[in-house]
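The values are calculated or read from the model by the stated rules, or taken from the named source; none is laboratory data. Quick caveat, the model's predicted, so the values are computed rather than measured. All Cβ positions, glycine included, derive from the backbone under ideal geometry; neighbour counts span all protein chains shown. All accessible areas refer to the heavy atoms of the entire protein, side chains included, with ligands and DNA or RNA removed. Shrake-Rupley method; radii C 1.70, N 1.55, O 1.52, S 1.80 Å.
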Amino acid sequence: MADRGVDLSALPKEVRDQLAELDLELSEGKGGGEGRGGMWGADGADDVGLSLPDVQLSPGHSADPSPSPEAPGPSTSSASRHHRAHRSGGARDERYRSDIHTEAVQAALAKHKEEKMALPMPTKRRSAFVQSPIDTCTPPDTSSASEDEGSLRRKAALSAVLAQSLQSPDYWINRSVQSSSTSSSASSTLSHGEPKTQPQPQLQPAASVLADVLAHTRIENSVPPDVTTSTPQERGSRVDLPPAVRGMSRGQSRSSMLDTADGVPVNSRVSTKIQQLLNTLKRPKRPPLSEFFLDDSEEIVEVPQPDPNTPKPEGRQIIPVKGEPLGVVSNWPPALQAALARWGATQAKSPALTALDITGKPLYTLTYGKLWSRSLKLAYTLLNKLGTKTEPVLQPGDRVALVYPNSDPGMFWVAFYGCLLAEVIPVPIEVPLSRQDAGSQQIGFLLGSCGVSLALTSEVCLKGLPKTPNGEIIQFKGWPRMKWVVTDTKYLTKPSKDWQPHIPTANTDTAYIEYKASKEGTVMGVAVSKISMLTHCQALTQACNYCEGETLVNVLDCKKDMGLWHGVLTSVMNRIHTITVPYAVMKACPMSWVQRVHIHKARVALVKCRDLHWAMMAHKDQRDTNLSSIRMLIVADGANPWSVSSCDAFLNVFQSHGLKPEVICPCATSPEALTVAIRRPGARGAPLPARAILSMGGLSHGVIRVNTEDKNSALTVQDVGHIMPGALMCIVKPDGPPQLCKTDEIGEIVINSRAGGTMYYGLPGVTKNTFEVIPVNQAGTPIGEITFTRTGLLGFVGPGSLVFVVGKIEGLLMVSGRRHNADDLVATALAVEPVKTVYRGRIAVFSVTVFYDERIVIVAEQRPDASEEDSFQWMSRVLQAIDSIHQVGLYCLALVPANTLPKTPLGGIHICETKQNFLEGNLHPCNILMCPHTCVTNLPKPRQKQPGRSPKTIPTGLPMLVGNLVAGKRIAQATGRELGVVEDQDLIRKLCMWPTMMHQFLSEALQWRAQTDPDHVLYVLLNAKGVAVCTATCAQLHKRAEKITATLMERGGLNTGDNVVLLYPPGIDLIAAFYGCLYAGVIPVTVRPPHPQNLAATLPTVRMIIDVSKAACILTTQPLMRILRSREAAASVNVKTWPTIIDTDDLPRKRPPHIYKPPTAEMLAYLDFSVSTTGMLTGVKMSHAAVSTLCRSIKLQCELYSSRQIAICLDPYCGLGFVLWCLSSECVFARCLCETPSAPYSVMELCTKGLGTQTEMLKARGLNLSCVRSCVVIAEERPRLALTQSFSKLFKDLGLSPRAVSTAFGSRVNLAICLQGTAGPDPSTVYVDMKSLRHDRVRLVERGAPQSLPLMESGTILPGVRVIIVNPETRGPLGDSHLGEIWVNSPHSASGYYTIYGEESLQADHFNTRLSFGEPHTLWARTGYLGFIKRTELLDASGDRHDALFVVGSLDETLELRGLRYHPIDIETSVSRAHRSIAESAVFTWTNLLVVVAELSGSEQEALDLVPLVTNVVLEEHHLIVGVVVIVDPGVIPINSRGEKQRMHLRDSFLADQLDPIYVAYNM
């Protein structure tokens, strides 16, 4: 086209569109399958067995030009059909797809026809679809309309086969993608009402400062919503609790609860998909489950036993292969520069280089004279005009970067030869396009290791480089500081008459450095010496039989590899005229190189498979195209097994244009050894070289086997000719010592030659392993002293010393001891008819190491118009095809939007960068399918539980227990200080313990207070800004309580002992109502009020507690009373059946006739209702005696005097929070405000996140926390060590002592078991092996040990409390440092459960249970928490060694998987660490599948990035396979007021399809 001077802009739009479509296709590098013909190139000829017993060889294609039905012939219709089909966007796949391989894949898929395999399709929120950023405008797909009948028939047949193979009636169950809003739920706050009428005393300045800062600090998604709190939620309504309200027995297994779904409709969409997933996982796996793991082995990895059926090499040891001798020619120059000098002087007008413009027309021709003179000028300028005479910038031997675009080969040639003449070392690199260019950082590593500080470039290129705002070239990421020099002729200085360049005879000094990217993405520089460069040119001249004055067409990159060796170096040595066809030209006119061959009668052409492919695709029936002048068509990537089909198809089309079959010359090259082998042009009419048809199964085991039985898994390989003249070649084992292979074994090709690279520049360590290899025989003795260079090519030597290459080390994936070639997997994926799904055939295959083995990942670019169903169907078929043909499972298959994979400078996929993005969560896929269940076969065997003996059968005598020893260890028990009775009245007054010692009842304590110290301020209530809005003195609280008592007696119609619900926002009204109930002799039940904005979710919980507690009356405020009776409330509950509601806002000034005093202290004081983390609503009964003892215990432990101030930031409705709010102040006589802060973890997290950056400002404003004696975190869980430490570290600068920060521990049976006091030893930390915890054991390890879990002591055991560690199944005591259930004996334990069913057996089991042996008379309460006791080296107050209690987690919460016990918090910690955008996570099980829910704090396009990362981290750290990954908005995971996750609520919401997830992935 170009030679006729066609103006592209004048072409019709359709033609221009077709040409534009080629844009990226042509510039594919090897990542997208560069150089794969793709077609399994064997025709129907009979196979001929040759002398090598293990290789079956077939003759090459005949020269008969008549097209076969499968292979497109040169007719107009088929050629134009190819061109049109290309527009459908999948035609790029034709280049890979041979009919043979396609048939093999279809046959494999047909095998699955019988299995009705319904894969659950992932659920995706509509807004999560990401439109792909298409750089080139893709025209609408209209090609199918113009296709001829033949191609339509073939497509229909293919789709029919695929439809049969996969489609079963239930295959696309529930395909519809859920459409929903993207609104995330509103963040909740823990403060509710703010009474405004009370007087507001001034706060301390420091506190107001802190409050002010907090008020102006916006914290994103700080507190997730709490299904049990009054929190606004924008989700659909859901009932918070399972309908059956019961206490769950410890022994009851979780699975029985799971199977019934706890009232969740099992036929919901989610359940259906999980059922589909389970059905899929029940299918027998192809690889059997390996049984090489010992159950209790400390180390998980052992070497798998080799399969006895594995094919093994049987041939003799290979003998090194010698190339033909390198001939000596008399007129060969002593150095390459000498050749240029000679031609520049004697053949000045002879053309050296012709460059083409973008339309394919010649732009300029550089003669040998011009090339010589310009190179001379540049050499002179570099040595003499940079810097000064005394301090030149460059010295001979310095390295210089050459930065030139492909489109300007002339400038590059001049720069390269200029450097050679100046004796500086050129380092050609790609033009960096942006600061974040894929691989740019690695190029920086190369420049650094080579010590490059100067870059040569052209003026045009310099203008195109990214600049800073002030016009300087930006500092590229990872690059050293560079000085840029422009080498255009106008800037060069003509050398003086007396100056001549120094041209020494070629020696071992480095001539140039060629860059090479390793499999890991590191870019290294291969140094080529002057003698190597010259010898390589001589060897190429001899092998290719180059003659002076020939014409060569070069389509390759002239900066490296074959493009440099043939097109720049050898061509100058032989005075060849090189015509360079840059990529830009190939994009516009794929036929341009063929036309150049025709016009210039070129003798040699240098191409890659894709150039053959696209010339063939763009070929119109041009009768005037004649390729008969070509004597050698060098295929640079002919070593790729998939190049066969491109060569055959090209020959088919162009044989009628004079192309001779024997001129196609594939070759094998390597950056380290340069050219390894090249096929010499055959004689006219001689038989073509044979081909090997190999078994892929054999190849995966590294042996050569003829493919006989399964034609579906065959690989046809063509030879790459003989090795280079003067070289010596061996095949060695690719891993381990370089042992020589056997004749039927695949190994790495190693070469000894003067014409190879000499080292990795600046990297002596890596150099030794690659460039100085001495092969050894089977006995391990070296075969000689000659060193060989590793080529990175895998292959074998065939008959007649022909070299066959089957892959590259860098494309090798080692999975479970078998080798798979990335190229082969790409070809199979592309054979699964990707026309509708894959964009331009861009597929990357790599492996990632997960759980001690490599796992295969396939990433493809998805067409913008591909539907979800098409994509998912393609993905599931690829899984089946690869499983059938390669017998290997895929770990992950991801589709990303078109044009988003990182590209190499030549447009291919940058594999290393893609892998890096995948591992870092920066890939942003739009579809993903994980298959860990299928491919992870090296998990440890599930633990089998031993059939345990019942507790009755355990002897209660000496064998188990001797004194305080059990099984030879000290019994794991610990006791708090004595809670003795103090008899000295003066001491009592001095310690302010009067109320708790003298009065058994709280009501008496408050009355005594009101009389003895009426004006002592008990409470100060602060609002969100830290301003005091309300206070209460002893007298005020007493009087308000009396008013409430009078109203209750008058209006409530209550009997003594009735239950009264207190429904108040946190505040003094709640406390007054509590004491009013005690004065009236009724039993208070504090309940969190419903949230007005979210009644549907919060009111049913309130109603349930009222019903369960059989409340006779409700005390509340006027606003809340209106809400309870509102129309909105009626939508959620029956408002007509509320008990009597009394508002206490405006009470008459009446005093009750008398104040009730209970007859005994064992009577009930109040009921404590709480929802456990497993979703159980439980009410516990607290007696007056327990309350009084608890207050004394806390008072003693924390040394609370009347002068103390306590800041409480807790939920006042249950547990220790309620005790500290309502009880301690009266008993302890301390003022609740600000010196012993106590708070749940959620508040601590809020402070850490919200004030993290503002400590300096707070310090400047005078905030000082040195007055804080102890800061206690109140929780019913394992201490969160990392959060506690970061909190301490953050506020250390403000005076907070790190030893002041500690944790408390309580449970439903005993509200306060541990509380760190002020006098005891510091809390200790231990490191436990996480693997041992799964086996219910404790193994202490050093800090930093792998799989170690830090555990912090849960505070000091309170006075009067005894704790023992018990085996929950046998109920026998355990020894020190053994994991078991924590049992507690204490006077302040609760009396029992308060439930409507009154399950006495449960009550006895939890509150009054006995040990099976040892101390049978003591009654214990079971906390339901697992933990252990460790005797430390620290001393307690009495001088004894301190026993520390470590809480591991709730027994009800644990997950039983694979026979092991997992704590959700451990898995969640790993998950939250997996990616920066995971704000919070929660895990639960459903029918033995592990479900992980992760909150996404980033953009929705990151949602799918989390799926593989979450799966990886759980597999690596916990040896579990995740079944379902659910990505949700921030704030979806419900938490209760204590900051604990409500995992069972979450599970119920997920199964009822109420989560509105962003994405749900079902792992196969």
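Here are a few things to note about the model shown:
- Of ALA844, ILE911, THR934, farthest towards positive along the dipole that unit charges on Lys, Arg, Asp, Glu beta carbons give the stretch 834-953: THR934
- For VAL1029, residues with placed amide H under 5 Å, excluding near neighbours: LEU1021, LEU1022, ASN1023
- Relative packing of peptides 351-362, 712-723 - highest average C-beta neighbours within 10 Å first: 712-723, 351-362
- Accessible surface, 1.4 Å probe, highest first, among residues GLU103, GLU662: GLU103, GLU662
- Net charge of neighbours whose Cβ lies under 12 Å from the Cβ of ARG1151, counting Lys and Arg as +1 and Asp and Glu as -1: +3
- Near the amide H of LEU1520, within less than 5 Å, lie the amide hydrogens of LEU1515, all on another chain or at least 5 residues away, with H placed in the peptide plane.
- Using a cut-off of 18 Å between Cα atoms, the listed pairs LYS385/LYS483; LYS733/LYS808; LYS124/LYS273; LYS361/LYS463; LYS915/LYS1331 include LYS361/LYS463; LYS915/LYS1331 as exceeding that distance.
- Set of lysines with alpha-carbon distance to LYS1043 below 16 Å, sequence-local pairs under 8 removed: LYS1150
- Remark: the stretch 1438-1443, residue by residue, has Karplus-estimated 3J(HN,Hα) of 7, x, 7, 5, 7, 9 Hz, where x stands for each Gly or Pro and the curve is 6.51 cos²θ - 1.76 cosθ + 1.60 at θ = phi - 60°.
- In the stretch 1434-1564, Cα pairs under 8 Å separated by at least six residues give a relative contact order of 19 percent.
- The local environment of GLN1316, defined by Cβ-Cβ distances under 11 Å, has a net charge of 0 under the rule Lys, Arg +1 and Asp, Glu -1.
- At the residue level, THR1485 shows approximately 10 square angstrom of accessible surface with a 1.4 angstrom probe and all protein chains present.
- Tensor-based shape of the stretch 784-911 (alpha-carbon gyration tensor, a/c under 1.5 rounded, otherwise prolate or oblate): prolate
- The residues packed around VAL1471, meaning those with a beta-carbon under 14 Å from its beta-carbon, carry a net charge of -3 if Lys and Arg are +1 and Asp and Glu are -1.
- Between the stretch 1072-1126 and the stretch 549-613, the Cα center-to-center distance that results, in Å: 87 Å
- By accessible area with a 1.4 Å probe, ligands and nucleic acids excluded, highest first: order of ASP1553, ASP1505: ASP1553, ASP1505
- For peptides 736-742, 548-554, sequence by mean Cβ density within 10 Å, most packed first: 548-554, 736-742
- Fraction of accessible area attributable to carbon and sulfur, the stretch 1452-1536 (%, probe 1.4 Å): 47 percent
- Peptides 1486-1495, 1253-1262 ranked from most to least packed by the mean count of surrounding Cβ atoms within 10 Å: 1486-1495, 1253-1262.
- Unsatisfied cross-links (Cα-Cα over 24 Å) in the set LYS111/LYS742; LYS1110/LYS1136; LYS494/LYS530; LYS519/LYS587; LYS559/LYS620: LYS111/LYS742; LYS494/LYS530; LYS519/LYS587; LYS559/LYS620
- Heavy atoms of CYS1209: accessible area, 1.4 Å probe, square angstrom to 10: 70 Å²
- Nearby lysines by direct alpha-carbon distance to LYS1430 (threshold 16 angstrom, same-chain neighbours under 8 apart not counted): LYS969
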